[in-house]
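The next block holds one structure in the form of structure tokens; read it before the comments.
The values are calculated or read from the model by the stated rules, or taken from the named source; none is laboratory data. None of these values were measured; they are calculated from a predicted model. No Cβ is skipped: glycine too gets one built from the backbone with ideal geometry, and neighbour counts run over all protein chains shown.
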């Protein structure tokens, strides 16, 4: 095998490795009756992943890049297929929710079986928030953490900066929808008051969780 063949093989393997990152999300993307080429989303994802040299990033930034790059390319391809942005956003968030649903369902089952589901929710979800929304990328600060209230604020948003870089600030709202998935799945026992100014190019986002009150 000569050097050129080895280089070509390495490139193919690298692209396939990048594609495998988005495959589990793409598998859940239901586009309804729209004529959408999912392979195009996959190939564009790989192109940007390689351009950003994402394999060299830290684990948490690789995770965020996977999410953001999927959102960006799925929106673009759906837009080319004449799918309205609000409908496309719902499709994309649904795929992202289904991607980690098995893991999330196990946590929810554990939370509902506990004496205090809200407290258990915080114990489950706070480590996930801390792992991904690092100080370096989000300037995350927990304002209140108790069994009656959990408030955290971010003064920076990696996702917003990602989409601003590509000139698509309208996709920031989709990333916000991704961050709301844990709450969407727990609406029966968790309330959320969300103040997100990043979608309007502001500089703060605050999640305010409380136990859901009985009606």
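Tabulated data for the structure shown
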{"item": "Of all residues making up segment 19-35, the number that are in contact with a helix residue (DSSP H, G or I) (Cβ under 6 Å, 6 or more places away or on another chain), part of a loop (DSSP other than H, G, I, E, B) and surrounded by fewer than 18 Cβ atoms within 10 Å (Cβ to Cβ)", "result": "1"}
{"item": "Candidate set: segment 161-179, residues that are in contact with a helix residue (DSSP H, G or I) (Cβ under 9 Å, 6 or more places away or on another chain) and without any contact (Cβ under 8 Å) to a residue 40 or more places away in the chain; chosen: the one nearest to residue 97 (Cα to Cα)", "result": "179"}
{"item": "Any hit, segment 146-154, residues being at pLDDT 95 or above, within 24 Å of residue 58 (Cα to Cα) and in contact with a helix residue (DSSP H, G or I) (Cβ under 8 Å, 6 or more places away or on another chain)", "result": "yes"}
